[in-house]
Amino acid sequence: MPRKFDMRMSVLACALMLAVGSAEARTLEGIEFPESFRAGAREMKLRGAGLLRYKVLFRGYVAAFYQQESRPLESSPIAQRLEIEYFWDIPADEFQKATVEGIRRNTNAASFETLRAQIDTFNKFYRDIQSGDRYSLTYLPDRGTELALNGKPLGMMQGEAFATALFGIWLGEQPLDESLKSKLLGEEIS
């Protein structure tokens, strides 16, 4: 019987990351992530991946981060993608709350208010998910940020500032978890 997972708690809870493995194709907890992803003419390479544990004992999700080129996140915008496969059933409203909290944590008050309408629109794209479902966020500088569920696009949001804020939930100055950020960026391998 599937259990409910409180996404807000995952944002606030301490997380533990497990080993990622070598630079070869990534398989974590039986979940495979390809070495690259193509979006139109852009090819993004897998930069890092990891497992997020909730309250140390429970597997929350596995995630993988892709970039068109490996370079600092602060440089000019480049294509990037985050894939997350979940081990729990999670209602859409938990994703909405976690998105607001994560963006608020990584932006100042003025920036958050500037992005608020886009955040509200983006939050309408979320759907209830079941264990084994996979969300992906794909940012293409000339198109915007697309949210897809199991490969099916749910919506697109324009703007580099929005993409930076959204990806900041995992990769910003105050990410969901520092170790997860390091794993996704390929900086930490345990």
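The values are calculated or read from the model by the stated rules, or taken from the named source; none is laboratory data. What you see is a predicted model; the values in this text were computed from it and never measured. Glycine gets a Cβ as well: all are built from the backbone with ideal geometry, and neighbour counts include every protein chain shown.
Details
- Odd one out for Asp142, checked against (1) among the acidic types (Asp, Glu); (2) closer than 22 Å to Glu160 by Cβ; (3) in contact (Cβ under 8 Å) with a residue 40 or more places away in the chain: (3)
- Looking only at the stretch 142-184, residues that are of a type outside the set (Val, Ile, Thr) and assigned to a helix (DSSP H, G or I) come to 17 in all.
- A single member of Tyr139, Tyr135, Tyr126 is outside any strand (DSSP E or B), crowded, with 18+ Cβ neighbours inside 10 Å and among the hydroxyl-bearing types (Ser, Thr, Tyr), and it is Tyr126.
- Qualifying position, being among the small types (Gly, Ala, Ser) and either modelled with pLDDT under 95 or under 15 Å from the mean Cα position of the chain (by Cα) (or both), among Ser131, Ser111, Ser136: Ser136
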